[in-house]
Each structure stands twice: as structure tokens, then as C-alpha cells.
Amino acid sequence: MLVTLTTTRPPATDLGFLLHKNPARAQQVEVSTGTAHVFYPEATDQRCTVALLLEVDPVGLVRTARAGGTEGAALAQYVNDRPYAASSLLAVALGKAFASARRGVSRERPELVDVALPLEVHVPALSCRGGAEMAHRFFAPLGWRVEATAVPLDEAVPGWGDSRYVDLRLTGDLRLADALNQLYVALPVLDDAKHHWIGADEVEKLLRAGSGWLAAHPDRELITRRYLKHRATLTRRAIERLAEVDDAEPDALDDATAPPVTAAGGPGGADVDADAAADADVDADRPLPLALQRHGAVLAALRSAGAQRVVDLGCGAGALLPALLAEPTFTEVLGVDVSARALEVAARRLRLDRMPERQRARVRLLQSGLTYTDARLRGYDAAVLVEVVEHLDPDRLPALEHAVFGAAAPATVVVTTPNVEFNVRYTDLPAGAFRHRDHRFEWTRAEFSGWATAVGERYGYAVRLLGVGTEDPEVGSPSQLAVFTRGAGEVAG
Amino acid sequence: MTDGPRTLVVPDLSLVVLIGVSGSGKSTFARRHFASTQVLSSDACRGLVADDENDQSATPEAFALLHHIAGIRLRAGRLTVVDATNVKAEDRASLVRLAREHDVLPVAIVLDVPEAECLARNAARPDRDLAPGVVRRQRADLRRGLRGLSREGFRKVHVLGPDDVERAVIGYEKQYNDRREDTGPFDVVGDVHGCRAELEELLGELGYELHRDERGRAVDAVHPAGRRAVFVGDLVDRGPDSPGVLRLVMGMVAAGHALCVPGNHENKLVRALRGRDVQVTHGLERTLTQLEEEHQDFRREVEEFCAGLVSHYVLDGGALVVAHAGLTERLQGRSSARVRSFALYGDTTGETDEFGLPVRYPWAQEYRGRAMVLYGHTPVPTPEWVNNTLCLDTGCVFGGRLTALRYPERELVGVPARQTYYDPARPFLPAEGTAPPAGARPDGVLDVDDVLGKRVVETRLAGRVTVREENAAAALEVMSRFAVAPEQLLYLPPTMSPSATSSRPGLLEHPTEAFAHYRGEGVAEVVCQEKHMGSRAVALVRRDGSGVLHTRTGRSFFGGDLTAAFTARLSAAAERSGLFDELGTDWLLLDAELLPWSAKAGDLVRSQYAAVGAAARAALPAAVAALEAAAGRGLEVGDLLDRQRRRAGDAAAFTEVYRRYCWPTDGLAGVSCAPFQLLATAGTTYADRPHAWHLSLADRLAGADPELVRATRSLAVDLGDPAGEAAATAWWEELTAAGGEGVVVKPAANLTRGRRGYAQPGLKVRGREYLRLVYGPDYTEPRHLDRLRERSLGRKRGLALREYALGQEGLERLARGEPLWRVHECVFAVLALESEPVDPRL
């Protein structure tokens, strides 16, 4: 919450005229999150420094951010670094305290407005995701010499390493207005916090301050993405509160739509892009990303089974649903996931609210847990479990088997899961690591085949096993698929 | 013709269909004999859908509404009367169908009133403007249908002529299956299948005295204490002496010493005896041959007896249902062909298995009814409770056993078969060394309907506890994806409220308010327990060393190996302290705190708490230096400078607090566990034991493994003694000054009734320094503290009590041996309530 700015161009005290703030007095500016103090620790002809200190009101902060009282706020909103670290809050204060200077207006010294001044900036605690390197990436292209030192998390516990804060010093010859606008944008972008803690209109203003220099910045895409990614989420989800009960991070239990670590794993809702990127590592000539190949294999299995009414169990954010809906032979498509939020995302992606009535009647989404039996899942021709089983602890699998093969008991069940043997072909995957951080296990071909055969015998399904993706002579295909057919007699190879 | 009243017999659960032309007086009749809420009138429904009771164009919609309401009422088991002309066969057919869909009996009451009378009535009603000839046509329809009403499916038909209408009274009749007033005790006997010798032996085992006729044949059995036998059916076929079994059972039933429901074999026997074309297989051939030896009078008695058996019985106030093949809750106490078919054959899927036997749907796995269901039909190696249902057919005729259950004692009594009388089509005893048929996880099957949606859980301590739909949705995700398996997740700890806010300077919480709270609840003695700052944990520890250790949301604390090491150590400690033997159990469920805090919360400590300290330490000295320079220039920044210096001190204090709760661990080295309550052991809960008892157990565990188990210090306080309170307060001050989190104040007796309902199980009183972690480093600044005092505790208190009641309810259900879903329902509800929005700082 502190930033200082120094010029050494004599008479340095002209800085006061440029900032419209008299060096002889300490001044206050009220902002929504507290009080901004402007004062000059030094003011000589040779050297003049202005300090902006934002005193955040931590109790008021939560109330402002919530706008509807404190109910449902997270503990993290009460105990956080906002009163100390330079972030969007300081940017807002800076914007307000030095509004004219940012616009490049000075009544007393208009001739200095467009002069590049020798400037020094000091931000002792800059919240900076990506550390010192990110600070360099942001400021160096703008003409600054950058000195960024990481702040240790806790000197008493060296094992914890560095914090996300850097002590930032910038020196360079720039127009004052440019320097201010760059700081104004840099603070929230580098912070990259989940919540801006400020209103949406403030975010708009921040964006506008980038005009002129942002377009030429080599990292402009990253900068704008970081901006737009985080919109103020004022309502917390019930599930985040459960994470808090366990002293876990808010998203620890809310990763149902998280992308895979790498490669071809991931939940049903994994981004096709991620698969595609991973595939590119393996074989640049391959025509189709693995996720699409997997979908193709699943659709082929459903077609050959003659299925019309299909359940996508563990549909996640609905990666497979559009493909199912695109085929008129599937007269009814039911997407099921345990995450209510994943289903919200799926509904948005499918544009359910805008779907024509006839089309809309073919698709339904519902929340259910696959370790629980569910009468609503009975009576379908086929069920698919695309990259789902590996997200369950092994001791929960019997419950899933019973719920799917015993209780729902569709005529056909299609299961896909990663082939762990193939993991050695993913260059970006550390040895022994799984493809998604939520994977509880990944099976070899023999393990999958053993499981599928046992389940088939137990519940009266014949099993056919296939590989998905280009087969490697040593380690097989990246993904594996089993088609279970009810009451089809002997188990097929 | 007499003038006395004429009684119309109506089953107490039925769909009564009034039949009569317009103006025949149906509405008046309905008003006189039934409650207005029982009567659904087509006129009224026309009004509801079209704002005009006489708008004939609204008839289809009006009937749709009528059927809808009737369906809802019948589903709930409420007698319903339909007031419409119903003179057309197709109108009646749809009502008969509706009754059957809900497994209730349709009853017809016909008002056969002369045309002239009807016309006169209609003429007197200005709102009714019927076209000429309507009444005549209706009458013609009515007369045509009159004789066929029974054939249409009406189980009772009452036709009232003009003179009968005034004299009619309704006489309610119980369903045959309704024996709720009969409270037992009973001995419920499984499938006998002609095994007379074993039956006689079993009755002897059960304490019955056999009565024999002059030829030495058993014809009755009497229990000296007045107990009665209930036979689940399949008395006959396959075995050596079906007539002997029938003679004994028929004698017992006739003498009032037994009840009997029919099995599918009795059903088929009746048809065979009546000369119907049945396949003489599955042992029927033996019965028929044996019956050939009997006198034809006996054969006739057998036919009458078997034909007269009632599909199932509802007994003991509805707590017990006996049916041959079981019965789902929806069909209990109902009457229809479907009920009979289910009771006789079970829930068949229509498919056959590899042995040519019908595939049965495992209805018991989904059974959620209140009544215990006892049944037979499918031979099982040993009876196993599945969701409060029990199959008593242990395959006596196949060389198994003949089994009975004493009710209400729930004790099994059995005798072995003397030989294998018949080879089963499908082997029913598992081959040596093979696992039970896979896919059979009867009691462990949970259904989403057990947890999802808005739910109300009945608890002993707090009555009905409601869970909101969105909270259940959040809990489903966490439960399914992260929690340990439900069979191992027997309890989740409730949230705990802090004491009321203190008004002492510089403090938010102080023991005085906790003492005052309990004094106000009429509690005489409390105990202050040291609060360990770690993570709440529940440990299930089995005697064999296995077990689980999970968090407040049911997630496993450690990976598999570390968990195993932990539970093995704790199990060994419990063994050394003699707890398993003393408590007569092979498992313990412990409520505990696991330390250090950083063991579980490490990520959060670094990303949130340490980060705040780091930012503060980087920012504040720079701010102080800048302000000192400005002050040196003579600027007026004194107050601001003081504040920044104080804040630097607060930030340092904050850092000190979290550092105290963090230390490195390696495997179990550095980890310790402080149990403070024994939640349950096999068959027992302990909420009624004083806390001193619980802590003495914990002390013994700590004595047995001091490295792993940490004792919890405590101090008893007599709330009538100010000196005791002062001593406890001094102790709290000492603890919190040394960096302790604080204490929890609990009623010394444990579960305690307060002035209104049960008292809070505990109130936490946290120390001034510790609360920096909760309210922020600077919360002690007077301007912050004054605002923070405005916190409101009502919701937190209510939540704490509801979650506590749910937790105890789950433990009590577990102790009673109730099905998994009943326990899981409570555990799940606690998790769901934990996602309620409540100020997390409380």
C-alpha cells in the first residue's frame, strides 16, 4: 500500500506542480477502501520524492466488496494481504490522487508534461504473480531499468521459499503521465488476484489507462487476459465454504472444471485445446487431437450398439454433449455430473436457454453422484463414462460399478480411461505423475482389461477392449476404451 | 322393504366412485356422508379450470385435474370420493385404472333415482341449463352399465334406489391385511416346503408345545407366553410331508396361534387343486402325490385355507410387515393384483437367469420404509439384514436350515435340515472358499434420493432438521469426490459457537460470557478444556490396526500408508490401555484434534497467513521510514506514523501466532493427536458420559503412546462458586498469554438439557492473540474492535445445535445397527449444513 516516486531533474520540487500536490503539506484523499495519504519524504531542488500511502480499512473492505453485508464472506476476505501489498486498491488510490497528472494536465508547468523526466519508482511490497521475472517482463519493454527482489515468505522458515511479493525499484526517463498510467495498470495485472476488490467500473477505467502504450507491449495479450479473467465474484459458492471448514484453499474442492496437468487426461470437461497441445508434443502430424479421437471412438461404439437414449455419466462441463446432440440418431441425451457448477458451465456452453424447443427436448442435465444409485438413470440404451473412473478412489469403484452396471443397467456401457503405459511418451509429464491432478489412479492395459472383465462377469456384460489414438508398438494407445454389452454371453477378447 | 338404515360397506382406503345422472343428488349424498376434503367434484374442477362449473367444453381439462388430485390423495393413502356422473363405462374405466395404479380398491355407489325427480332438481337450479334429453340419455347409459360394474373392476358395488338414498350409512371396513392393532410378540418362520419334522423341531426350540391328534399328527402348537407364529408362506412342495405341515399350520391358524401369508407355491397348489392347467413342476408333483393319500375333505380344507390367505400383513402399529417375497413401502397395506403379485413373486424383471429362474430385482437394497419387512421366497445361506428387511428362507428343503425370527427381539432361531430333500435349480449355498456373489452389496447401496434435494432428517435431540437443496448439492460433490467411503464415514463433527462477545477492553471473547451462558441454561458444573490449535479429526480405529482418519468434511488426512501407520499406532495404544476389552468392542470412534495445524493446512498457512506477514514486513518498515523522513521535514504526519508503527507490531504478533502452530513433520514424526471424546464403539454411544470420563480415556491413550497422543488439560468449574470461575479465568489468561488458542467450555455432564431444548455442547473462548488469525492482524485497534463487537451469534448457535443433533443421531442409528443409508443421511446432512453461509470468523 505504499508507492514512492522520485525525480532528480532540478528543480525537482516541480514534481509538486505536475502532481497538483503541494510538497509542503501532507494531504488525504478518501477512496472507497480507505484513505490515501500523499506526502513528500524529501523535497529539495535536486531530489523530490512523493509517497502515496493507502491506509486500507480492513473491516470496511469486506463490507464494500460484498455490498450486501458480510454474510457468506470467506475468511480469506478478512485476513489477507490487501492492507499491505500494492494491488488494485493502490491503483485506484493512485488514479484518484493523481488524476490530472495521469491525464497529462498541469496548469503551472505545462511545458514539463511532455518531457521525459528522470524518475525512480519504489514499491516495497508489490503483489506480483510470476515473481521478479514477471515484473521485468512488464516494465522493461516500457523503457524502465528494473530491480525486483523477491520477499521471503517467512525468514524463520527458509524452507517455504519466496512469497509472491517483490520489492520493486524502477528507474528511467519517462513522461510522468506515462509512468503513472503504467503503474495504474501494472498493479492489478501483476497482482492477478482472484478478486479485484473494486467495482467493475474501476476495472473499465484501468483498461482505458492502457491506451497508447499497451497495444505495443509484447505481453499485451497476457495483460488483457489477466484483466478480463477476474471479474469480481461476490457470491461465494457453498462448496468453497466446505473447503474453508477444512482449512483448505477455496478451490481445493472446486476443481470439477479444472484442465488436465498435461496430455490426454482430464475430466469429461477437459479442454480439447489442452489435449491438442499435448498431442503436438508427441506427434505433430496427427490429424485429430486425442480428445476428439476419444469422442469419435465413443460415438462409433454407441452407433454400432444402435443406442438411441444415451447418458453421459460424469459429463463435466459437457465436452461430449455437443457431439452427441449433433447426431439425430441419439433421440435423448442425458448429461450427469456430480458438480452442479460443471453442469452450469455445460448448460452455458450448450446454450440451453436458446436452444430450439425440439432440440431442447432431446437434452437434459442433472446432478447425481455415481457412487449412489439413481432411479432417474434407469432405462437408457447406453451409458458412457469418458475419463471418469480414474477420478474415483479405488475403494469407491464397487459402488460405481453397482450404480452403473447393477442399478442403471443400460444395454451398453462405454468406458474410457488413460493408458498409463503411454505416459512415458508425454515429454512434459514428470515420470510417475498422472495426467490430471485429480486422477486417483491410472491403469495399464492389463489392469483395465482385468477390471473390465471382472465387472462384466459380475454384472452379466460382455466386454470388448479397444485402444484410442495411434497405437505405439511398445506402450499401446494413449487412451483405452471398453464396450460392455449386457447379456451378450461369453466375454470377448 | 324396511325403513332401518342401510349400511354401505366401504374399505377404509378406497376410491369411491359415485354414479348417477345429473340431478340425482350425488353432491348432496357426498356432503352428507364424507368430509368435504375427501370429495372431488367434476363441477368444482370445471370451475377451477374455466371459471364456470357448467362449461362442458372444459370437461377434459377438468377431469385431468380431478385425476391428478385423486392420484396425489391416493398415493398418500387417503380415501377419495369422485362426484361426477360417471354414467359412461369409459369414464369409470379410467377411475378403476387410477385406483389400481395406486393399489387401492375401487368402490361404486350408484344413485338410481327416477328421471322425473332428477329433472325437477335440475329445473330448481337456475345455473344449470341442460339440453332436453340429456338426463334421459344419461339414464340410458347408466342402466346399460349397471349390471357390469363388478366386471369393470369395482370390488364393491352399492346400488341405491330412491328409497335407499335417505337410509344409507357408510360402514368402513378395514383392509384384510391391516392387523396393526396386533402387536405380537411373534415368531416369524421362513419357507417350510413340507419339512414337517424340522418345523416341529423349530417350534419346540421356540418354546411352543405341540398338540397331536389321536393318530399322533401335530395339529396345533401353543406358546405358554402367548407368542404366535407367523408363516411367510411356501409351506408346501418339494419336501417330504406337505400335508403334515399344512395340518399343523392350519390348526394353529384356526386356533389363533398363528398367522400365515401365502407363498407362490400355495397359490399354484390352489389352482392345481381346482383343476386348472398348471405345470406340475418345482415339487408340486410331490405335494399332489402326498395329498392323494389324504381324505378329500382335507384336500378341500387345504384348498379353502390356501385360497383364503391374505397377500401380506401389516402388524404392530405398522412397524412389521410380513409378505412371502417382501413388499415395497408403497405397496404395504394396499390391495391390488399388483400387491398380491409382488407379495407372492417379488419384483421380477421379466428376464430369466442362466438356470432358467426369474431374475428378481433387488428391491430390498432400495427399501427405505419405516416398517421391518420379513419375508422368504429366495433361499439365502444366512439371513442378513438389508435396510431393515430380512429374508428368512434358509433353504431347509435344499439341505439348509429352517429359520425363524423372534419379534420384536430380532433374535434368529434355526434348526438344520435333516437331509437334502430336493436339489435346487441354482446352487444356493456358496461353494467352499468362494466369495459371496459379487455385485451383492445390499446394505451398502446408497441412493441419491437418500441425500439429494431438500431433506428433513428426524433427530432425537432437535426434532426435524432441514437441509436446503443447494447445500445438499454442494455436499454431494464433496462427499462423492473427496470423502472416504460412506461405510467408514460414520460421523462428522459439528461446528462450535464462540461465547457471547465480551465488552472488556481489548477483548472479543472471555470466559465470563461462557459461564454466564451455561448458568442461564441452568447448568451447575462446566468443564474448561484446553483447545489445541490443530485440525479437527475423527479417527476410526479398529482392533486389527486398520481404520481411517478424516477431516471435518470427511477427507482422509493422510495417504494410505501414513493412515495405516497412524491407526495402527493408535490401535496399539488402545490395546495397551485395555480399552477394547473394557468397552467390549473391536473398534473405537474418536473425536480429536490433530497437530500441527500445518500438517493439513500447510498450503493455506503459506498462501494466506505467511503471505500476509511477508507483505506486512516488506511494506510497513518502508512506510515508517518514509513517514519519518516526512516528519523530519516538519510535515504533520505524527498520527499516521504512530499508526504504521503499531501496525508493524501487530503484523509481527500475527506472524508469531501462526508460527506457533506450524512445525515440520516427517511421516508420523512430529504429528500428534489429542482425542477428547469417545464418540462410539460397537453398539454404544457415549454422549451421556461426563467429559471427565472421556478425558480419562484420552489420558490413558496418551500414557500408552505419549509421542503420538497428546493429553488435553482441563479444569472443572462449579458455576455457583466465584472462586472456581476466577481460577478458570486465570488459567485461560495463562494459556492464551502463552500462545494457546483458548479453551472450550462444556457442560461437565456432557449431553445436557438446558432451559429450552438441549444446551450447546460447547462454547469456544479464544485468546486475544490467536484471534489475529481470524479477524486480521490489526483487529485489536480500538476503532476496528468496536465494530467487530457487533457480531451476531444466533445463526451460528442454531447451526451448532442442529449439526450436533445430526451427529448424535447418526451415532445412535449406527449403534442400533440401522442400515447404512440411515447413518449416511445424518453424516451427509452435517456436511451440507457446513456449507451454510455463516460468518466464518465465529
Practice prompt. Residues that are more than 26 Å from residue A:304 (Cβ to Cβ): find the strands (runs of 3 or more DSSP E) completely inside region A:316-387 holding 2 or more of those.
Written response: A:363-367
Worksheet item: Inside region A:406-430, can you point out the residues that are touching a Gly at 6+ places or on another chain (Cβ under 8 Å) and in a helix (DSSP H, G or I)?
Response: A:406, A:421, A:422
Worksheet item: Which helices (runs of 4 or more DSSP H) does region B:248-326 wholly contain that include 3 or more residues that are surrounded by fewer than 20 Cβ atoms within 10 Å (Cβ to Cβ), not hydrophobic (A, V, I, L, M, F, W, C) and not assigned by TED's automatic domain parsing to the domain that holds residue B:213?
Response: none
Worksheet item: Out of all the residues in region B:88-104, which are under 16 Å from residue B:11 (Cβ atoms) and either of a type outside the set (A, V, I, L, M, F, W, C) or surrounded by fewer than 18 Cβ atoms within 10 Å (Cβ to Cβ) (or both)?
Response: B:100, B:102, B:103
Worksheet item: Taking region A:397-410, which residues are within 12 Å of chain B (Cβ to nearest Cβ), in contact (Cβ under 8 Å) with a residue 12 or more places away in the chain and in contact with a Lys or Arg (Cβ under 9 Å, 6 or more places away or on another chain)?
Response: A:399, A:401, A:402, A:405, A:406, A:407, A:408, A:409
Practice prompt. State whether the residues of region B:488-499 include one that is at the interface with chain A (Cβ under 10 Å from one of its Cβ atoms) and outside any loop (DSSP other than H, G, I, E, B).
Written response: yes
Worksheet entry | Residue check for residue B:714: polar (S, T, N, Q) and out of contact with any strand residue (DSSP E or B) (no Cβ under 8 Å at 6 or more places or on another chain) | no
Fill in: Out of B:605, B:624, sole residue that is crowded, with 23+ Cβ neighbours inside 10 Å, among the β-branched types (Val, Ile, Thr) and touching a helix residue (DSSP H, G or I) at 6+ places or on another chain (Cβ under 8 Å)
B:605
Practice prompt. Answer with yes or no whether residue B:684 is within 30 Å of residue B:460 (Cβ to Cβ), away from chain A (no Cβ under 12 Å), in contact with a helix residue (DSSP H, G or I) (Cβ under 6 Å, 6 or more places away or on another chain) and surrounded by fewer than 18 Cβ atoms within 10 Å (Cβ to Cβ).
Written response: yes
Discussion item. Among the residues that make up region A:127-148, is at least one of them touching a Ser or Thr at 6+ places or on another chain (Cβ under 6 Å), of a type outside the set (Val, Ile, Thr), more than 8 Å from chain B (Cβ to nearest Cβ) and surrounded by fewer than 18 Cβ atoms within 10 Å (Cβ to Cβ)?
Written reply: yes
Practice prompt. Determine whether residue B:180 is outside the structural domain of residue B:97 (by TED's automatic domain parsing) and basic (Lys, Arg).
Written response: yes
Worksheet item: Quick one: how many residues across region B:524-563 are part of a loop (DSSP other than H, G, I, E, B), modelled with pLDDT of 95 or more and β-branched (Val, Ile, Thr)?
Response: 0
Worksheet item: Where in region B:81-182 are the helices (runs of 4 or more DSSP H), entirely inside, with at least 1 residues that are under 24 Å from residue B:56 (Cα atoms) and under 38 Å from the mean Cα position of the chain (by Cα)?
Response: B:89-101
Discussion item. When the residues of region A:1-11 are narrowed to those that are touching an Asp or Glu at 6+ places or on another chain (Cβ under 9 Å) and within 14 Å of chain B (Cβ to nearest Cβ), which ends up farthest from residue A:172 (Cα to Cα)?
Written reply: A:1
Discussion item. If residue B:573 satisfies all but one of (1) out of contact with any helix residue (DSSP H, G or I) (no Cβ under 7 Å at 6 or more places or on another chain); (2) in a helix (DSSP H, G or I); (3) away from every other protein chain (no Cβ under 11 Å); (4) in contact (Cβ under 8 Å) with a residue 60 or more places away in the chain, what's the number of the condition it fails?
Written reply: (1)
Fill in: Selection from region B:688-711 of residues that are in contact with a strand residue (DSSP E or B) (Cβ under 8 Å, 6 or more places away or on another chain) and among the hydrophobic types (A, V, I, L, M, F, W, C)
B:692, B:695, B:697, B:698, B:701, B:702, B:708, B:709, B:711
Discussion item. Are there strands (runs of 3 or more DSSP E) fully within region B:1-72 with at least 1 residues that are surrounded by fewer than 17 Cβ atoms within 10 Å (Cβ to Cβ)? List them.
Written reply: B:6-11
Practice prompt. Scan (1) without any contact (Cβ under 8 Å) to a residue 12 or more places away in the chain; (2) away from chain B (no Cβ under 14 Å) for the single condition residue A:161 breaks and write down its number.
Written response: (2)
Practice prompt. Can you tell me which residue within region B:716-726, out of those that are surrounded by fewer than 14 Cβ atoms within 10 Å (Cβ to Cβ) and small (Gly, Ala, Ser), is nearest to residue B:521 (Cα to Cα)?
Written response: B:720
Discussion item. When you check residue B:746 against the structure, is it under 36 Å from the mean Cα position of the chain (by Cα), within 14 Å of chain A (Cβ to nearest Cβ), on the phi < 0 side of the Ramachandran plot and modelled with pLDDT of 90 or more, yes or no?
Written reply: no
Response to the item:
Exactly one of A:377, A:350, A:370 is within 14 Å of chain B (Cβ to nearest Cβ) and surrounded by fewer than 24 Cβ atoms within 10 Å (Cβ to Cβ), and that one is A:377
Item to complete: Could you tell me whether any residue of region B:750-757 is surrounded by 19 or more Cβ atoms within 10 Å (Cβ to Cβ) and either away from chain A (no Cβ under 14 Å) or part of a helix (DSSP H, G or I) (or both)?
Response: yes
Discussion item. Out of everything in region B:799-842 that is under 28 Å from residue B:779 (Cβ atoms), charged (D, E, K, R) and in contact (Cβ under 8 Å) with a residue 60 or more places away in the chain, what residue ends up being farthest from the other protein chains (Cβ to nearest Cβ)?
Written reply: B:803
Fill in: From the options B:202, B:206, residue that is at pLDDT 95 or above, surrounded by fewer than 24 Cβ atoms within 10 Å (Cβ to Cβ), of a type outside the set (S, T, N, Q) and on the phi < 0 side of the Ramachandran plot
B:206
Worksheet item: Mind checking which residues of region B:455-487 are within 11 Å of chain A (Cβ to nearest Cβ) and either in a loop (DSSP other than H, G, I, E, B) or among the aliphatic types (A, V, I, L, M) (or both)?
Response: B:468, B:472, B:473, B:474, B:475, B:476, B:478, B:479, B:482, B:483, B:484, B:485
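The values are calculated or read from the model by the stated rules, or taken from the named source; none is laboratory data. Model, not experiment: these values are computed from the prediction. Virtual Cβ from ideal backbone geometry, glycine too; neighbours counted across all protein chains shown.
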